[in-house]
Amino acid sequence: MNIIIFGPQGSGKGTQAKILSDKFNIPNISTGVIFRGHMKKQTKIGKKIATLINDGNLVPDKITNSIIKKRLSRPDTKNGFILDGYPRDLAQAEYLSTITNLSFALEIWISDIVAIERISQRRICTKCKGIYHLISKPPKNEQLCDICHGDLIVRQDDKPNAVKKRLNLYHSRTESLIGFYKKQNIFHQIDGEKSITQVTDEILKIIK
């Protein structure tokens with residue numbers, strides 16, 4: 001079972017991808033996690049990615065496609081996978097179709113207003129990189145990490161200007177995936193403004 005989950009920032013696609021990964025025992029492949037891994041190690045690619053992401057831009061297809069192809073070639077994907085954050089546009093979707101087949105393309109939809117509200121509440125630890133949300137996963141102290149007591153900050157790509165820019169990119173580029181996957185009869189839209197449990201239930205009804 002090969003699944004892609006997409007949606008605007010703050011839609012909860014990462015949360016749902018993890019839930020499905022645990023339930024079906026297939027890997028959750030997040031381009032964001034892979035990118036942050038490169039940034040943390042300060043690889044050559046990581047430094048370039050950091051500059052792009054912090055300015056609210058998307059990573060070029062050449063880099064992203066190469067990373068995804070390499071990841072999908074690993075043995076743990078033989079029974080399926082869940083892609084979170086890829087493909088982001090029609091060109092990436094067309095490339096992905098040349099290296100694998102998909103079972104479901106799920107869009108978790110939320111409005112821009114809700115996206116900005118959700119993301120503004122997100123915090124990351126400067127030490128252990130733990131992620132919190134002041135509403136859905138609040139730390140005991142809004143300024144300190146529960147685990148390592150590092151400072152909690154707003155990530156550069158979570159700041160309003162970067163978020164708005166990425167939402168515009170989502171509407172102008174990623175929404176083109178809808179028509180592409182509708183033609184393949186694998187597209188489904190889920191209301192991401194519902195609770196996490198309700199969204200999960202709706203997804204399970206679709207893929208079962």
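The values are calculated or read from the model by the stated rules, or taken from the named source; none is laboratory data. Being a predicted model, the structure only gives us computed values, none of them experimental. Note that we place each Cβ from the backbone using ideal geometry, even for glycine, and neighbour counts take in every protein chain shown.
Being in contact (Cβ under 8 Å) with a residue 60 or more places away in the chain and among the acidic types (D, E) is the filter; apply it to the stretch 159-198 and report the residue that is surrounded by the most Cβ atoms within 10 Å (Cβ to Cβ).
It comes out as E193.
To keep it simple, each residue is scored yes or no on (1) exposed (fewer than 14 other Cβ atoms within 10 Å of the Cβ); (2) part of a loop (DSSP other than H, G, I, E, B); (3) touching a residue at least 40 places away in the same chain (Cβ under 8 Å).
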site: N65; (1), (2), (3): no, no, no
site: I68; (1), (2), (3): no, no, no
site: N79; (1), (2), (3): yes, yes, yes
site: L83; (1), (2), (3): no, no, yes
site: P87; (1), (2), (3): no, yes, yes
site: L106; (1), (2), (3): no, no, yes
site: V114; (1), (2), (3): no, no, yes
site: R118; (1), (2), (3): no, no, yes
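Taking the criterion of being free of Cβ contacts under 8 Å to residues at least 40 places away in the same chain, assigned to a helix (DSSP H, G or I) and in contact with a Ser or Thr (Cβ under 8 Å, 6 or more places away or on another chain), would at least one residue in the stretch 26-49 satisfy it?
So far as the stretch 26-49 goes, no, none of its residues is free of Cβ contacts under 8 Å to residues at least 40 places away in the same chain, assigned to a helix (DSSP H, G or I) and in contact with a Ser or Thr (Cβ under 8 Å, 6 or more places away or on another chain).
Looking only at residues that are at pLDDT below 95 and outside any helix (DSSP H, G or I) in the stretch 154-187, which one is farthest from N54 (Cα to Cα)?
E175
Give the residues of the stretch 130-153 that are in a loop (DSSP other than H, G, I, E, B) and either on the phi > 0 side of the Ramachandran plot or of a type in the set (S, T, Y) (or both), sorted by residue number. Before the answer, list the steps.
We begin by selecting, within the stretch 130-153, every residue in a loop (DSSP other than H, G, I, E, B); these are 130, 134-136, 138-140, 142-143, 145-150.
Of everything in the stretch 130-153, those that are in a loop (DSSP other than H, G, I, E, B) and either on the phi > 0 side of the Ramachandran plot or of a type in the set (S, T, Y) (or both) turn out to be S136, H149.
Considering only residues of the stretch 55-81 that are among the polar types (S, T, N, Q) and modelled with pLDDT of 90 or more, which is nearest to K127 (Cα to Cα)? So that I can check it myself, show each step before the final result.
Kept after step one, since they are among the polar types (S, T, N, Q), are these residues of the stretch 55-81: 57, 64-66, 73, 77, 79.
Now restrict to residues that are modelled with pLDDT of 90 or more: 64-66, 73, 77, 79.
On the way: T64: 27, N65: 30, S66: 29, S73: 32, T77: 31, N79: 35 Å.
This residue is T64.
Being at pLDDT below 95, of a type in the set (K, R) and surrounded by 17 or more Cβ atoms within 10 Å (Cβ to Cβ), is that true of even one residue in the stretch 37-54? Step through it out loud before you land on a result.
First, the residues of the stretch 37-54 that are at pLDDT below 95: 37-54.
Filter again for of a type in the set (K, R), leaving 40-41, 44, 47-48.
Now narrow it down to the ones that are surrounded by 17 or more Cβ atoms within 10 Å (Cβ to Cβ): none.
No, there is no match, as no residue in the stretch 37-54 is at pLDDT below 95, of a type in the set (K, R) and surrounded by 17 or more Cβ atoms within 10 Å (Cβ to Cβ).
Might you check whether a residue that is assigned to a loop (DSSP other than H, G, I, E, B) and touching a Pro at 6+ places or on another chain (Cβ under 9 Å) occurs anywhere in the stretch 89-100?
Keep residues of the stretch 89-100 that are assigned to a loop (DSSP other than H, G, I, E, B), which gives 89, 100.
In the following step, the residues that additionally are touching a Pro at 6+ places or on another chain (Cβ under 9 Å) were identified as none.
The answer is no, given that none of the residues of the stretch 89-100 is assigned to a loop (DSSP other than H, G, I, E, B) and touching a Pro at 6+ places or on another chain (Cβ under 9 Å).
State all residues of the stretch 176-190 that are among the hydroxyl-bearing types (S, T, Y) and either over 10 Å from A105 (Cα atoms) or within 17 Å of the chain's Cα centre (by Cα) (or both); if no residue qualifies, say none.
S176
Check I19, I45, I68 and return the single one that is farther than 20 Å from T174 by Cα, among the aliphatic types (A, V, I, L, M) and under 16 Å from the mean Cα position of the chain (by Cα). It would help to see each step written out before you state the result.
Details: I45 fails: under 16 Å from the mean Cα position of the chain (by Cα); I68 fails: farther than 20 Å from T174 by Cα.
One residue alone meets the criteria, I19.
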